1. In nm, to one decimal, how far is the residue 6 label point from the residue 448 one, both placed 7 Å along Cα→Cβ?
2. Put a dot 7 Å past each Cα toward the Cβ at residue 169 and residue 242; how far apart are the dots in nm?
3. Could you give me the ³J(HN,Hα) list for segment 185-191, computed from phi with Karplus coefficients 6.51, -1.76, 1.60 and θ = phi - 60°, whole Hz, x at Gly and Pro?
4. Return 245, 485 ranked ascending by Cβ neighbour count within 10 Å, so the fewest neighbours appear first.
5. Would you mind getting me the FRET efficiency between residue 527 and residue 159? Use the beta-carbon distance for r and R0 = 51 Å, nearest 0.05.
6. Can you compute the FRET efficiency between residue 235 and residue 475 using 1/(1 + (r/R0)^6), with r the Cβ-Cβ distance and R0 = 41 Å? Round to the nearest 0.05.
7. What order, most packed first, do the peptides 77-84, 227-234, 291-298 have when packing is the mean number of other Cβ atoms within 10 Å of each residue?
8. Using Cβ counts within 10 Å as a stand-in for footprinting exposure, how do 340, 105 rank, fewest first?
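Each reported figure results from applying straightforward, stated rules to the coordinates on display, with no laboratory input. Computed from a prediction, not measured in an experiment: that's the story for all the values here. Note that we place each Cβ from the backbone using ideal geometry, even for glycine, and neighbour counts take in every protein chain shown.
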Amino acid sequence: MKASQVKRLSNIYRRKVDPQVVISLELTKYISSLSREIGRQIGILVDRRGRMAAVIVGDRHEIVIPRLSDYRVFPGRLRGLRCIHTHLDDEVLTQDDLTDLAILRLDLMGIINVSDDGLPTNIHLAHLIPPHASNPTWVILPPVSPFSLDIECETLISSVEREILNYYEASGEVKGKKRAILISVTNESRSVAEESLTELGELALTADIEPFKAMIMRPRTNYSNYFVGKGQIKKILLEAMANDVDSLIFNQELTPVQARTLTDFTDLIIIDRTQLILDIFGKRAKSRDGKTKVELAQLKYAITRLSAKDDALSRIRGGIGLRGPGETKMEIGRRRIKERIARLEKELKTMAKGRSLRKRGRLKSDIPLISIVGYTNAGKSTLLNLLTGSDSLAEDKLFATLDPLSRHKVLPGGREVIISDTVGFIRDLPKDLLDAFRSTLEELHDADLLIHLVDVSNRNHAKHIETIADILSELGLRDIPSITVLNKSDMLGEEELEAMSKRYSAIPISAKTKYNIEGLLNLVVSKI
């Protein structure tokens, strides 16, 4: 581009626009002439005060709107920017124009048709309307002449935004309602992918997010930036807008680059599986030990996603992935996060000394330790309450218990034991989280007996058993005596239950109805 053309572009940037006018006639002629001269589309972004936010030079067929992170939007609000750009071919607003309008939540999108001699002909405008599943989320206005640009633009934008805000307030969006599209990008078989997405939906519900739709996508190539193709992401975002969806939850962990690219591309909440699990742990940890471990895992996850100008983490409305302990520490900078991690690790070592002292006291008393392990939501807390008469929290949610509990129990025959409940496991448990809880899980090495509790009513129980076996093996616990216990057996028929008991060499029980609890206790006595 010639120096004179660059200078003319700089002149465009310095000009102001009357807020009530879409774009002045003089400026329309100016960018039309220059656009035809250089053979490229030229666009401008104008804020509501008429100040120029950016001048964009594209190619002959399109412009690429730059990152707009300084212009954040909230539910019911527009971004406060209008985009006007030239079209060198005789065409109206394209699908890409309208998609950018919707995804970026611009005040207005407009295009100027440029004639062969560089003069503006018609101007086509579109604005958003409240979303509706069966209709587009925008309205295309009749074309206007460059000589009729005073359409009371500011008044129109205020009216549109007020209408959208009223819609969101009525639908509950502004009050914190969350709705998500679940996305899995995988080469696994459909049955395996569906099982994993079902579990992701349960995790979302535990985090108080309503799953709207689940999508399984097959990666045709390596999309290093958007995780899936940019065109596919645009389709998903349009569907999200039309159905009051404010979150995209990915079943796989996003790389730092993918997380930044997606959060720059849309104002929807972008969450991956790891963030979702961290969020649940952040809400459920109650003890000092549990809170410290969760915060440590959150910080280790966050530090890889921080850069000098990165604001991807601050996009997370409601704190998904960063909620609970540590939620105010995610944006304090890499150096201070490292300092915080060092302090937390020191605190955990101090707590470990306290556990070591308690362990010595138990060993001196020669009281056997029985640990209940299993997949999350298998019923471990319910069984602990039933066996020991305690009242620990037992909910039909994933990760209802994070803080290990130990209770005394006198077995039939008078033998005293300690029964402990542990944090539930799940497939693809985040590595940082597993590492943070490793000190707690390593206490299982002191167990004299493991009760492997299985929710036999869950259709994925076989996969759960396999997951637990893999984790126990990773922790070096396979040599500790164990009992496989099929919980919730009251929900199965007798023949099916008998077949499963033989297949897994297991004992069936129901912690809810107390079925066969005496049989379980007698088996524990024989093992101890």
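1. Once both label points are built, they end up 8.1 nm from each other.
2. 2.8 nm
3. 10, 8, 9, 5, 4, 4, 5
4. 245, 485
5. Efficiency, from the Cβ-Cβ distance: 0.10.
6. E(calc), rounded to 0.05, equals 0.45.
7. Values: 77-84: 21.1, 227-234: 17.2, 291-298: 24.5.
Highest-to-lowest ranking by the protection proxy: 291-298, 77-84, 227-234.
8. Numbers: 340 17, 105 23.
With the fewest neighbours first, 340, 105 line up as 340, 105.
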